[in-house]
Amino acid sequence: MAFEGLTEKLSSAFKKLRNKGRLTESDVKEAMREIRLALLEADVSYKVVKDFIKAVTEKAVGTEVLESLTPAQAIVKIVNQELVSLMGGGSAKITIASQPPTVVMMVGLQGAGKTTNAAKLAGLMRKQNGKRPLLAACDIYRPAAIQQLEVVGKQLDIPVFQMGQENPVTIAEAAIAHAKKHGNDMVFLDTAGRLHVDEALMEELQAIKQAVQPSEILLVVDAMIGQDAVNAAKAFDDALDIDGVVLTKLDGDARGGAALSIKAVTGKPIKFVGMGEKLDNIEVFHPDRMASRILG
Ligand code: GDP
């Protein structure tokens, strides 16, 4: 499971505090040192850790905390609150266009889970919001991408629009026209990815954005790649001004750095998390639930 190491190290730091009863400022400092190391080992960005520790310390050395009957518990509560705010506070929704269809552009590096999660999200929106989604195959480079989208579309019984190797901008525009004609009120654009961020890819994605003005650009990132996921998020956000993130593969043994750094580094919230390979393994991201899970 994700966050295992982090959960273990944090609970060990809290346990030491609990065993002490009354706390001194130096007890708190020692605990903060351990929490700091735990976060760094979980691959949380250096600056994010620094700011986090500063915020927790400021609240924790307040007289109320140290003089409370259960200071250790008070500190756990502060860490919990700061984790929630680090991940964006409340859960963030997809923006629905005032005039249908709502166009959601899925972007990300190859292998992050774009195709799978475009389908998962379309399925979720149908189930939770009664939407009638259309999937559009705009990745014309990876030979199997169109077929893969058709396979997942078929599994969920969601229509897939494709035009083979046609220009991605043309495909996106035609998909939206098709959706209007057939009563699909949401269109998910499965765009191309690359192994690394590159100029040509960003230009293509910018051209699609410009042409179709999506309601939502969601970046799909793989939680397993830690800091690289955060760097990718920064690059995609700089180029496209994304609206949010779908963090995938949280069912794996990701250390947690991406989940805890993305909002602080990009300012953009994680909106959904992928929790497995099955097409219903997607969840709305709730920072408070994630914080509780991290704290074990
Ligand atoms: P794309 O290249 O970005 O379109 O990525 P794909 O959608 O093809 O996904 C790459 C691989 O990751 C596939 O084998 C997916 O089944 C897998 N995958 C996607 N999301 C998740 C997830 O949340 N958990 C797990 N375990 N695997 C996932």
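When the chain is fully extended, how far beyond the present Cα-Cα distance does R18 get from E30, taking 0.36 nm per residue of separation? Could the numbers behind the result be given before it?
Details: separation 12, 0.36 × 12 = 4.32 nm, distance 1.31 nm.
Residue separation times 0.36 nm, minus the Cα-Cα distance, leaves 3.0 nm.
Run through every distinct alpha carbon pair of region 35-132 and return the Kirkwood hydrodynamic radius in angstroms, one decimal place. List each step's numbers first, then the result.
Values: mean 1/r = 0.0579 Å⁻¹.
About 17.3 Å, per the Kirkwood formula over Cα pairs.
Once you order the gyration tensor axes a ≥ b ≥ c over the Cα atoms, which shape class does the chain get: rounded for a/c under 1.5, otherwise prolate or oblate by comparing a/b with b/c?
Working: a/c = 2.66, a/b = 2.40, b/c = 1.10.
Taking the square roots of the gyration eigenvalues as a ≥ b ≥ c, the chain is prolate.
Which residue fluctuates most in the GNM of the chain (Cα springs below 10 Å): A229, A145, A136?
Result for the chain, Cα springs under 10 Å: A145 fluctuates most.
Taking the Cα centre of region 204-279 as origin, sum charge times position over the Cβ atoms of Lys and Arg (+1) and Asp and Glu (-1), and report the length of that vector in debye to the nearest 20.
Values: 8 positive and 11 negative charges, 38 e Å.
Here region 204-279 has a charge dipole of around 180 debye.
Which pairs in the list K29/K50; K47/K271; K127/K263; K114/K271; K209/K249; K9/K271 are over 20 Å apart, alpha-carbon to alpha-carbon? Each step should come with its number before you reach the end.
Working: K29/K50 13 Å; K47/K271 23 Å; K127/K263 27 Å; K114/K271 14 Å; K209/K249 26 Å; K9/K271 27 Å.
Cα-Cα > 20 Å for K47/K271; K127/K263; K209/K249; K9/K271; rest within.
Sort 62-71, 247-256 for me by packing, meaning the mean count of neighbouring Cβ atoms within 10 Å per residue, highest on top. Present the calculation step by step, with values, prior to reporting the outcome.
Working: 62-71: 13.3, 247-256: 22.4.
Ranked by mean Cβ neighbours within 10 Å, highest first: 247-256, 62-71.
For region 159-225, count the residues as N, evaluate 2.2 N^0.38 Å, and divide the Cα radius of gyration by that value, please.
Output field value: 1.20.
By how many nm would the segment from E283 to A174 grow when fully extended, if each residue of separation counts as 0.36 nm and the alpha-carbon distance is taken off?
Values: separation 109, 0.36 × 109 = 39.24 nm, distance 2.98 nm.
Taking E283 through A174 to full extension adds about 36.3 nm, to one decimal.
Assuming a viscosity of 0.692 mPa s and a temperature of 37 °C, what translational diffusion coefficient in µm² per second does Stokes-Einstein assign to region 48-200, Rh being the Kirkwood radius over Cα pairs?
Numbers: Rh = 18.3 Å.
This corresponds to a translational diffusion coefficient of 179 µm²/s.
Any chance you could get the radius of gyration and Dmax over the Cα atoms of region 217-292, in Å?
When restricted to Cα atoms, region 217-292 yields Rg and Dmax of 11.4, 33 Å.
Could you please report the charge total around D51, scoring K, R as +1 and D, E as -1 over all other residues with beta-carbon less than 15 angstrom from its beta-carbon? Walk me through the numbers on the way to the answer.
Numbers: positive: R36, K47, K50, K54, K59, K263; negative: E58, E82.
Residues near D51 contribute +4 overall.
List, largest first, the extents of the alpha carbons of region 139-296 along their principal axes, each in whole Å.
Reported extents, whole Å, longest axis first: 48, 34, 27.
Which percent, to the nearest 5, of DSSP beta bridges fully inside the chain are antiparallel? Write out the running numbers ahead of the final one.
Details: 3 of 28 bridges.
The antiparallel proportion sits near 10 percent.
What dipole magnitude, in Debye to the nearest 20, does the chain give about its Cα centre under +1 on Lys/Arg Cβ and -1 on Asp/Glu Cβ?
840
Taken together, the values in this text are just the output of simple stated rules run on the coordinates, not laboratory data. Just so we're clear, the structure is a prediction, and the values are computed from it rather than from any experiment. Methodologically, a virtual Cβ is constructed for each residue, glycine included, from the backbone with ideal geometry; neighbour enumeration extends over all protein chains shown.
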